[in-house]
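Heads up, the thing below is written out as structure tokens.
Throughout, read-outs are computed from the coordinates displayed, never taken from laboratory work. None of these values were measured; they are calculated from a predicted model. Positions of Cβ are backbone-derived with ideal geometry, glycine not excepted, and every protein chain shown enters the neighbour counts.
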């Protein structure tokens with residue numbers, strides 16, 4: 001288990017991107033908006049930057065099978081597993097329903113063969129813009 005307080009957000013983000021690329025589930029300890037802590041095992045499918053500058057991990061919750069979003073700054077700890085994804089994601093053809101209004105995201109495009117560290121740098125540059 002890695003504690004996010006013991007590493008930089010860049011290190012955490014790099015490891016989560018590697019887990020996403022390898023399709024490895026991640027168990028996270030997360031502080032919700034109301035201050036309570038929860039533990040979930042999730043399967044990441046996207047990492048976005050909101051208009052407010054927050055880095056958000058979008059993932060499928062293994063327990064409920066629903067799509068969830070987690071702010072990187074609210075992660076307390078995480079464990080990357082070596083197993084494969086098991087939860088089916090919604091089809092790409094289906095329109096995505098927004099449950100939150102006023103939330104914007106920044107899309108960062110990069111070549112598929114771009115190394116992980118270069119992707120993290122592109123994401124950091126998008127945050128700074």
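Table for the structure above
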read-out: Extension gain, residue 11 back to residue 77 (0.36 nm per residue minus Cα-Cα distance, nm); value: 22.5 nm
read-out: √(5λ) per eigenvalue of the Cα gyration tensor, the range 1-59, largest first, Å; value: 17, 15, 13
read-out: Estimated FRET transfer efficiency when R0 is 25 angstrom, pair residue 86-residue 1 (beta carbons, to 0.05); value: 0.75
